[in-house]
Amino acid sequence: MSDAAVSAPVFSTVAEGDLSLDDHEAIASMLAQAFPSYDHWYLSARSWAGMQPERRVIARVDDVVVAHAGLRRQFVAVGTTDLLVAAVGMVAVSPDVQKTGLGAELLRHVDTALTDLRVPFGVLETGEAVQGFYRSAGWLPLERDGLPITGHFTAFSADGAGVLVTQQEGWLAREGTSALAEWPEGVLHWNGQMV
Ligand SMILES: CC(C)(COP(=O)(O)OP(=O)(O)OC[C@H]1O[C@@H](n2cnc3c(N)ncnc32)[C@H](O)[C@@H]1OP(=O)(O)O)[C@@H](O)C(=O)NCCC(=O)NCCS
């Protein structure tokens, strides 16, 4: 077991502009390990894959980042409504210390960050395999008449090319200043990359 697994991690929530080059490198290093299929994106100090976040929730043991989430406020289109949301992404725990409750603690700090950002909703999109993780922390599936909503976003690409992706399930929301019942009707158009 690594040292990171035996010392208590210290959480902080940091504005993007306050991160140093060392911080970006430490975050990118952990994200490359947690998302091995995407490690060609998290190179050197590039600590984001799609949209760069505006705030990070970071847990460290000494200088080592062991958990991370990124948040960014933005307007998205839902039907005919322009809706302010906070995108949440790059949610990860270092493989050394996964399944020890750190992910759940990370999401509690994300909740606090969402409250501080005063947004109606936090939003993320995820595969079926990890939906249980988010649901157990209070994230709710975005549905209309019992069916998952459809959303379009621009896929991440390290070289800058953008490809429109349609995702017909896996959209989750965390209630912020609005209740889920207030989510507008219609197809979600992210109109850009997600965090
Ligand atoms: C997903 C991830 C962040 C979970 O972190 P973790 O520290 O292992 O999770 P925890 O130990 O805090 O588990 C919290 C709860 O979520 C559940 N959970 C964890 N991973 C899960 C998964 N993949 N699927 C379903 N439930 C999961 C746990 O069983 C636990 O539930 P409980 O409280 O009822 O026991 C971590 O596995 C990870 O970094 N994975 C790789 C990156 C990734 O897939 N990120 C999500 C991208 S959308």
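FYI, it's all coordinate maths here, none of it is from the lab. All figures in this text were calculated on a predicted structure; none of them were measured in a lab. Cβ sites come from the backbone with ideal geometry, for glycine too, and all protein chains shown count toward neighbours.
Can you tell me which of R60, R46, R72, R56 is of a type outside the set (A, V, I, L, M), more than 11 Å from the ligand (Cβ to nearest atom), assigned to a strand (DSSP E or B) and out of contact with any Gly (no Cβ under 9 Å at 6 or more places or on another chain)?
The unique qualifying residue is R60.
Give A137, A129 a once-over and let me know the one that is among the aliphatic types (A, V, I, L, M), within 16 Å of the ligand (Cβ to nearest atom) and touching a residue at least 24 places away in the same chain (Cβ under 8 Å).
So the residue among A137, A129 that is among the aliphatic types (A, V, I, L, M), within 16 Å of the ligand (Cβ to nearest atom) and touching a residue at least 24 places away in the same chain (Cβ under 8 Å) is A137.
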